[in-house]
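Presented below is the structure to which this report refers.
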Amino acid sequence: MFKRFNRVAAGIFLAVSACAIATIVACTKKPAGQEFTASGDGRNGKIEVSISVADGKIVDAKIVSHSETPGISDPALTGVIEQVKKTGSADNLDTVSGATLTAKGIIQAIQTAYAASQGKTIAKAGYTDTECDIVIIGAGGAGLVAATEAANKGAKVIVLEKMGVVGGNTNSATGGINASYTKEQERLGIKDSVEVFYNDTMKGGKNLNDPALVRTMVDNSAAMVDWLESDIVGADLTDVGIFGGATNKRIHRPQGGGAIGAHLVPLLDAAARKQGAEVRLNNKVTDIIEENGKPAGVKVEAEGSSYTIKAKAVIIATGGFGANPAMVEKYQPSLKGFITTNHKGATGDAFAWIEKFNGALTQMEQIQTHPTVVPGSGIMITEAVRGNGAILISRTGKRFVNEMETRDVVSAAMLKEPQGSVYLVFDQAVRESLKAIEGYAKKGLLTQADTVAELAGKLGIDAATFEQTMKTYADYVHNGKDADFGRNPKSMERDLTKGPFYAVENAPAIHHTMGGIKINTKAEVQNKNGASIPGLFAAGEVTGGVHGANRLGGNAVADICIFGKIAADSALAYIGK
C-alpha cells in the first residue's frame, strides 16, 4: 500500500512538474503574432516584406521578395530586418550606407505593414487636378535645388518624382562638386582659378562643350558651394581633392572624403520641404500640357489614376537616359550590351515631351563610360580612390595608363587589356584617407592581403612583375614624377607601401549621358530655330552641351546644382516673382 502510494505520488509529482516546465517554456516563447505583408520601392523595384505583430510589437520580420542586386543590397536586406527584430518597432529605422535606396524601400514596406496591423493605412494623397506657380519634374539633385530656391523666394512649387524615393542618380554620386576660387580652397592653401577650371572642362570635353554654358558653370561654382554650405542647406564641403582631368584640387566633398550624394540628397530634400515645396513621390509625369505654344502644366499618373497640374512655368529635371538600353544603342551603337551605373528611372522620358514645342536636342551620341565599376554589379568605385593615390594594374601585373586621365581615355585603355577588366590597387594609407572605401569594404568588394606578393597570388597575376610595378611607382612618388605615364604629382601623395594592400576588379560601364535638351545660360529650353521656349526650363543630366564629349568627375554635381538654381531663378523671373 505504501509503495503504491509512493508510485502514485511520484506520478502526480512528475505530472505537475511537467506542467510547470511546459508553462515556463510557454511563457518564455515569443507570441506567434499575426502576419502582415506590404511592399516598398527599392533601387530596382518593389521589395515585399512580411512582419509578425503581437501586442503592438513586431516580433518577427522577413523579406518575401525583391529584385535588388545580390551581394550589394545584402547589408540593407539583413541590416534593417535585424533592427526591427531588435527594437520591435517600425519607427526610427536607420538606412544602410551604400545601399540607401534598398534600405528605404524595406523601411517603407515595414511601416506600411505595421500601420495595417494597427488597423490603419498610410493615407494616399488622393491627387486631384490642381495648380501651382512652378512644377518641377524630377526630384534628383537638380530638381531639389530648383525647388529649394523657388520655394525660398515665395513661389508655390510642386515637385513630381516617378520613383518612390528622391535623389535619382545623385543618390549614387560618390565624388563631390567641382568649384574654383572657393573659401575652402583658400583655407587649405590650394591655388586655383575659374580660368583653369574652364580650360580643364573644355579640354576634358574635347572642346565640344558649349563655351557659354561652361563659363556659366565655372563662374557660379564658388557661390554654389557657399549656397550649399549656408543655413538654407547646411552641407559639409570642407574636404577638397583632385579628380581626373583636373589641374588642381577642386572637388569639394564632406570631411574625410565621404560620398557627396548620400550627404547632399537628404539635406536638399529637407531644405526643399522646409521652404514649402511639395514633393510627390510615385507621381509619373506622362506629358507636358501645351497651350498657345507654351507649357501650361503637366499630366500625371499616380495611384492608378490620372490628374493634371496647371502651372505658370515648368522645369524639367528628369536626369539622363543611361538606364534605357534601347536609347543608348540608338545614339551610340558601340555601347550595346554595356551595364550601367544609373538608377532604373533614368530613361529619357522628357525628350518626347518637348517635341510639340519644336524643342531641340544636342549631342545625344555623347555617352560616357565610367572606368572603375565592379563588373556585373553596376557599383561605381569613386574616382576619389584614384585621386587619393590608387593605381590601375592589368592582369599582366603592370600599369597601363595615367590613372588620372579623363574617363574616356582610361576606359578605352582598360578595354584593350585582357578580359576588358583590371584591378584598382591601393594600400592602407589610401583607405584611411577616404571614408567612401569603408562602404566598399562592407559590401565585400575588396581583396585584401598583408603583402604585395600575397595580393598578386589572390589576384592570379605574376608576383615578381607586380612587386616591381609597385616599387617603381613608389620611386615615382618620391621623385615627384611619373616617368611612364605623366600622372599629375598632385594625385601622387601616397607611395602605396603601407600594408595591408587592397584590390578591386573594375571594368567600364555606362555612366553619364552628356547629350540632351538644348538650353541657354538661363536654363531656358531652346527650340530648333535657336529661340527660347517661353516658360520651359531644364537643368541637370537631362540637358546637353555642358560636358561636350566627356564629363570630368565632379562636374555633374556642379552642373545639376548650378543650373538647377539658375532654372529656378529664371522661372521666378518669368512668372514675375
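The values are calculated or read from the model by the stated rules, or taken from the named source; none is laboratory data. Remember, it's a predicted structure, so these values are computed and weren't measured experimentally. A quick note on method: Cβ atoms are made from the backbone with ideal geometry, for glycine too, and the neighbour counts reach across all protein chains shown. When the accessible area is computed, the model is the full protein with side chains, heavy atoms only, and any ligands, DNA or RNA have been set aside. Shrake-Rupley method; radii C 1.70, N 1.55, O 1.52, S 1.80 Å.
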> Which of the residues spanning the range 21-64 are surrounded by fewer than 19 Cβ atoms within 10 Å (Cβ to Cβ), modelled with pLDDT of 90 or more and polar (S, T, N, Q)?
Replying inline: Gln34, Thr37, Ser50
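Results for (1) part of a helix (DSSP H, G or I); (2) crowded, with 24+ Cβ neighbours inside 10 Å; (3) of a type in the set (S, T, N, Q), shown as yes or no for each residue.
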{"residue": "Val504", "(1), (2), (3)": "no, no, no"}
{"residue": "Ala509", "(1), (2), (3)": "no, yes, no"}
{"residue": "Asn529", "(1), (2), (3)": "no, no, yes"}
{"residue": "Phe537", "(1), (2), (3)": "no, yes, no"}
{"residue": "Gly548", "(1), (2), (3)": "no, yes, no"}
{"residue": "Gly553", "(1), (2), (3)": "no, yes, no"}
{"residue": "Ile560", "(1), (2), (3)": "yes, yes, no"}
{"residue": "Gly564", "(1), (2), (3)": "yes, yes, no"}
> Can you spot a residue in the range 479-486 that is assigned to a helix (DSSP H, G or I) and either in contact with a strand residue (DSSP E or B) (Cβ under 7 Å, 6 or more places away or on another chain) or small (Gly, Ala, Ser) (or both)?
Replying inline: no
>> Looking only at the range 543-577, how many residues end up being under 22 Å from the mean Cα position of the chain (by Cα) and free of Cβ contacts under 8 Å to residues at least 40 places away in the same chain?
In response: 1
> Can you pull out the residues in the range 262-276 that are surrounded by 23 or more Cβ atoms within 10 Å (Cβ to Cβ) and either out of contact with any Gly (no Cβ under 6 Å at 6 or more places or on another chain) or not aliphatic (A, V, I, L, M) (or both)?
Replying inline: Leu264, Leu268, Ala271, Ala272
>> Show the residue pairs meeting these rules: Cβ distance below 6 Å; 6+ apart or different chains; first residue within the range 305-333 and without any contact (Cβ under 8 Å) to a residue 12 or more places away in the chain; second residue part of a helix (DSSP H, G or I) and of a type in the set (Val, Ile, Thr).
In response: none
>> With the requirement that a residue be surrounded by 19 or more Cβ atoms within 10 Å (Cβ to Cβ) and either among the β-branched types (Val, Ile, Thr) or at pLDDT below 95 (or both), what does the range 348-367 give you?
In response: Ile354, Ile367
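Just to be sure, is Thr87 under 30 Å from Leu160 (Cα atoms), modelled with pLDDT of 80 or more, open to solvent by 30 Å² or more (accessible area, probe 1.4 Å) and out of contact with any Pro (no Cβ under 9 Å at 6 or more places or on another chain)?
Numbers: under 30 Å from Leu160 (Cα atoms): no; modelled with pLDDT of 80 or more: yes; open to solvent by 30 Å² or more (accessible area, probe 1.4 Å): yes; out of contact with any Pro (no Cβ under 9 Å at 6 or more places or on another chain): yes.
No; evaluated as a whole, the condition is false for this residue.
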> Within the bounds of the range 312-332, is there any residue that is at pLDDT 95 or above, in contact with a strand residue (DSSP E or B) (Cβ under 8 Å, 6 or more places away or on another chain), among the charged types (D, E, K, R) and loosely packed, with under 15 Cβ neighbours inside 10 Å?
Replying inline: no
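Being crowded, with 16+ Cβ neighbours inside 10 Å, within 24 Å of Gly516 (Cβ to Cβ) and of a type outside the set (A, V, I, L, M) narrows it down to one residue among Gly293, Gly297; which is it?
Gly297
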>> Please return the ranges of strands (runs of 3 or more DSSP E) entirely within the range 233-319 where 3 or more residues are of a type in the set (Val, Ile, Thr) and within 23 Å of Thr543 (Cα to Cα).
In response: 284-291, 305-316
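Kindly indicate the residue of the range 449-463 that is open to solvent by 30 Å² or more (accessible area, probe 1.4 Å) and assigned to a helix (DSSP H, G or I) and also farthest from Pro500 (Cα to Cα) among those meeting that condition. Spell out how you get there, then give the answer.
Step one: list which residues in the range 449-463 are open to solvent by 30 Å² or more (accessible area, probe 1.4 Å), which gives 450-451, 453-454, 457-458, 460, 462-463.
Filter once more, keeping what is assigned to a helix (DSSP H, G or I): 453-454, 457-458, 463.
Details: Ala453: 11, Glu454: 10, Gly457: 14, Lys458: 13, Ala463: 16 Å.
Filtering the range 449-463 for residues that are open to solvent by 30 Å² or more (accessible area, probe 1.4 Å) and assigned to a helix (DSSP H, G or I), the one farthest from Pro500 (Cα to Cα) comes out as Ala463.
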> Within the range 92-137, how many residues turn out to be within 21 Å of Ser50 (Cβ to Cβ) and part of a helix (DSSP H, G or I)?
Replying inline: 17
>> Exactly one condition in (1) out of contact with any Lys or Arg (no Cβ under 9 Å at 6 or more places or on another chain); (2) farther than 24 Å from Thr406 by Cα; (3) open to solvent by less than 70 Å² (accessible area, probe 1.4 Å); (4) in contact (Cβ under 8 Å) with a residue 40 or more places away in the chain is false for Leu434; which is it?
In response: (2)
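Counting just the residues of the range 368-384 that are assigned to a loop (DSSP other than H, G, I, E, B) and in contact (Cβ under 8 Å) with a residue 40 or more places away in the chain, which one comes out most open to solvent (accessible area, probe 1.4 Å)? Before you say what the answer is, go through the steps one by one.
First, pick out the residues of the range 368-384 that are assigned to a loop (DSSP other than H, G, I, E, B): 375-378, 381-383.
Now narrow it down to the ones that are in contact (Cβ under 8 Å) with a residue 40 or more places away in the chain: 375, 377-378, 381-383.
On the way: Pro375: 54, Ser377: 30, Gly378: 14, Ile381: 4, Thr382: 3, Glu383: 4 Å².
Applying the filter and picking the extreme gives Pro375.
Condition first: crowded, with 17+ Cβ neighbours inside 10 Å, of a type in the set (Val, Ile, Thr), modelled with pLDDT of 95 or more and farther than 30 Å from Ile560 by Cβ. Can you find one or more residues in the range 464-482 that meet it? Even if it seems obvious, please write down each step before you answer.
Narrowing the range 464-482 to residues crowded, with 17+ Cβ neighbours inside 10 Å: 466, 469-470, 473, 476-477, 482.
Then keep just the ones that are of a type in the set (Val, Ile, Thr); that gives 469, 477.
Subset that is modelled with pLDDT of 95 or more: 469, 477.
If we keep only those that are farther than 30 Å from Ile560 by Cβ too, we end up with 469, 477.
There is at least one residue in the range 464-482 that is crowded, with 17+ Cβ neighbours inside 10 Å, of a type in the set (Val, Ile, Thr), modelled with pLDDT of 95 or more and farther than 30 Å from Ile560 by Cβ.
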> Do we find that Gly387 is farther than 30 Å from Ile517 by Cβ and touching a residue at least 60 places away in the same chain (Cβ under 8 Å) in this structure?
Replying inline: yes
